[in-house]
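Asker: Before I ask anything, let me first share the structure, which is written out below as structure tokens.
The values are calculated or read from the model by the stated rules, or taken from the named source; none is laboratory data. Keep in mind the model is a prediction, meaning the values are calculated, not measured. Neighbour counts run over all protein chains shown; Cβ positions are idealised from the backbone, glycine included. Ligands, DNA and RNA are excluded from the accessible area calculation, which covers all protein heavy atoms including side chains. Shrake-Rupley method; radii C 1.70, N 1.55, O 1.52, S 1.80 Å.
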Amino acid sequence: MSTLLKLLDLRAADGEVFTGRASGPEGKRAYGGLLAAQSLAAACRTVGYDRTPTNMHLQFLRGGDAGEAVEHRVSRVYDGRTASARRVESYEHGRMLTTATVSFATALAGPEHGLSAMPHDPEVLPCTGPPGPAPSLPLDEFDIRIDDAGEGEEFVRRMWWRVTTDLPEDPLVHMLIAVYITDLYGIDPALAVHGYSMRSRSHRSGTTDSSIWFHRPVRAGEWNLLESRSPAAARGRGLITSSLLRADGAVAATLVQEGLVAERVSDHETR
């Protein structure tokens, strides 16, 4: 089993409590995408196979240690004929790191749109890897290509990604991988509008809230495009809206993230 799949494979504990593996390295900040993906995985372990996630809303409350395992506690909020809801609280040594709600539903017939074509061919782009250091991710299992365009409020980040190792057919595994990778430098576009980046560490930055709506299945072993923009920033917080497109151009998911983009205050300024 690959490193990525091991990170998403939770161990059942007492009741509806599940333990997620640590990614490492010890002492580094835990990767938010892993906390989100493991929270979703835990919620999915408590519903029937007839329903799949339609959305997840997650708040990041505290930073965790990438070297520590995380306990995910699931509460059953609702179970109906065609829909369910779960709440997931994630803890590290008794300290709550995140809290999430996940909605599930059975598939129903209805009108569809959000079908187009990929705007570009990722194969012609260089293999850039992530926009900055990512020590907690098994980057040897991903092909990531970044293409930034525009300036100021017209800035757009296009992140093409695919997994390069063998994956099972289970659609849930592919969904978990999508949740995992789409938090990678997710707040960067809010800083890029102003000519900064998370990598430069010019500002305090990081995801504080993340919401994702799942529209269609995704295939993590094929090219997927995360296209992100920042429509607003104020009060030290920035908002990011993103669309996740499949290789066939269909919109697989919609994401909205809020993150910290606050100026760093020196010790001299606080005295």
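Asker: Could you identify the single residue in 34, 40, 97, 58 that is over 15 Å from the mean Cα position of the chain (by Cα) and aliphatic (A, V, I, L, M)?
Answerer: Being over 15 Å from the mean Cα position of the chain (by Cα) and aliphatic (A, V, I, L, M) holds for just one of 34, 40, 97, 58, which is 97.
Asker: If you don't mind, another one. If the Cβ limit is 8 Å and pairs must be 6+ apart or interchain, which residue in the range 137-154 that is farther than 21 Å from residue 224 by Cα pairs with which residue that is part of a loop (DSSP other than H, G, I, E, B) and open to solvent by less than 60 Å² (accessible area, probe 1.4 Å)?
Answerer: 152/193; 153/193
Asker: Among the residues of the range 108-149, how many are open to solvent by 50 Å² or more (accessible area, probe 1.4 Å) and touching a helix residue (DSSP H, G or I) at 6+ places or on another chain (Cβ under 9 Å)?
Answerer: Residues flagged as open to solvent by 50 Å² or more (accessible area, probe 1.4 Å) and touching a helix residue (DSSP H, G or I) at 6+ places or on another chain (Cβ under 9 Å) within the range 108-149 amount to 2.
Asker: Taking the condition touching a His at 6+ places or on another chain (Cβ under 9 Å), open to solvent by less than 30 Å² (accessible area, probe 1.4 Å) and within 15 Å of residue 228 (Cα to Cα), does residue 191 pass?
Answerer: The answer is yes for residue 191.
Asker: Ok, one more. Any residue at all in the range 205-213 that is modelled with pLDDT under 95, in contact with a Leu (Cβ under 7 Å, 6 or more places away or on another chain) and open to solvent by 40 Å² or more (accessible area, probe 1.4 Å)?
Answerer: Scanning the range 205-213 turns up at least one residue that is modelled with pLDDT under 95, in contact with a Leu (Cβ under 7 Å, 6 or more places away or on another chain) and open to solvent by 40 Å² or more (accessible area, probe 1.4 Å).
Asker: A further question follows. Name the single residue that is surrounded by the fewest Cβ atoms within 10 Å (Cβ to Cβ) among those in the range 221-260 being more than 22 Å from residue 154 (Cβ to Cβ) and basic (Lys, Arg).
Answerer: 235
Asker: (1) in a strand (DSSP E or B); (2) more than 23 Å from residue 61 (Cβ to Cβ); (3) among the hydroxyl-bearing types (Ser, Thr, Tyr): which one isn't true of residue 211, the others all being true?
Answerer: So residue 211 meets the others, but not (2).
Asker: Would you pick out the residues in the range 29-60 that are among the charged types (D, E, K, R) and buried (at least 16 other Cβ atoms within 10 Å of the Cβ)?
Answerer: 51
Asker: Let me ask something else about it. From (1) crowded, with 18+ Cβ neighbours inside 10 Å; (2) at negative phi, pick out the condition that doesn't hold for residue 202.
Answerer: Every listed condition holds for residue 202 apart from (1).
Asker: Would you tally the residues in the range 173-208 being part of a helix (DSSP H, G or I) and out of contact with any helix residue (DSSP H, G or I) (no Cβ under 8 Å at 6 or more places or on another chain)?
Answerer: 7
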